[in-house]
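Here is the structure we will look at.
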Amino acid sequence: HASWRADVDLAELLRGCALVRAIAGAVEYWLAAIGSGRLNIDHAPWLVATWCSWVAPTAVMLTTYRETIGHKKLVECMIIQLAVGDSMQLFSGRLFGRTYICGRLSPKKTLEGYVGGFVLTLTYGAIVHGWSVVDVSLVFVAGCFGDLLGLKDFSRVLSSHGGILDRIDSFLFAINALHWRQVVLQHQLLALMLDFHLRAMPTEHVDDDDHHFV
């Protein structure tokens, strides 16, 4: 059972790393908000709402993902979305990028970069990891939204790379999308199984002749 134990220890280590990075990102968010002077009565509701919108589902996901997608899927998502997806977008954008479509949100993002990145990421995910088109598409699109809606250069903790959230915002969106989709599917499956079971149960018919009063 040594190999099984090693797999469990590695899985727990990966989960711990993901949890530490998420906590670090959450702390960085408020430290950067205080340091930038944005933490005032006018911006407080927006800051709290934005923080809760990703911290709450991420906290739940990190404590329950083992029952939905498992450790292996989480690691594969990290590779497909963070390592391959981001790199292929950058590669395609620099090589073919002509049409800028994101405006001030992300001035360097191009349509060609997105399309090329998606095709190459889809190919990699399907061939190397055996992922379905739906799963790869989900994490790619969610990752793109996370990258666009994330807090660009919210801090300079990692110097020229921006902050911790700049590095993990796309992955957090991607893994949350994968996890919560599976949660919905599992609940739907349970509902269908319950419905099937109820329909399959024999209906008891009681004839009036069986009741006699003495």
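Quick look at the numbers
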{"item": "Near pairs, Cβ below 6 angstrom, 6+ apart or cross-chain, from region 124-140 (touching a residue at least 12 places away in the same chain (Cβ under 8 Å)) to any residue that is of a type in the set (Asp, Glu) and open to solvent by less than 30 Å² (accessible area, probe 1.4 Å)", "result": "His129/Glu76"}
{"item": "Criterion: part of a helix (DSSP H, G or I) and open to solvent by less than 40 Å² (accessible area, probe 1.4 Å) - qualifying residue of Pro57, Pro45", "result": "Pro57"}
{"item": "Residue match in region 79-98 (condition: in a loop (DSSP other than H, G, I, E, B), at pLDDT 90 or above, in contact with a Ser or Thr (Cβ under 7 Å, 6 or more places away or on another chain) and not aromatic (Phe, Trp, Tyr))", "result": "yes"}
{"item": "Every residue from region 156-187 that is in a helix (DSSP H, G or I), open to solvent by 100 Å² or more (accessible area, probe 1.4 Å) and at pLDDT below 70", "result": "His161, Arg167"}
{"item": "Residue count for region 119-141, restricted to those that are assigned to a helix (DSSP H, G or I) and surrounded by 14 or more Cβ atoms within 10 Å (Cβ to Cβ)", "result": "13"}
{"item": "Residues located in region 91-106, provided they are out of contact with any strand residue (DSSP E or B) (no Cβ under 7 Å at 6 or more places or on another chain) and free of Cβ contacts under 8 Å to residues at least 24 places away in the same chain", "result": "Arg94, Leu95, Phe96, Gly103, Arg104"}
{"item": "Positions within region 60-75 being in a helix (DSSP H, G or I) and open to solvent by 20 Å² or more (accessible area, probe 1.4 Å), in sequence order", "result": "Val60, Thr63, Thr64, Arg66, Glu67, Thr68, His71, Lys72, Lys73, Val75"}
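The values are calculated or read from the model by the stated rules, or taken from the named source; none is laboratory data. In this text, all values refer to a predicted model and were calculated from it rather than measured experimentally. When we count neighbours, we look across all protein chains shown, and the Cβ atoms used for this are built from the backbone with ideal geometry, even at glycine. Ligands, DNA and RNA are stripped out before the accessible areas are found, and what is left, the full protein with its side chains, is counted by its heavy atoms. Shrake-Rupley method; radii C 1.70, N 1.55, O 1.52, S 1.80 Å.
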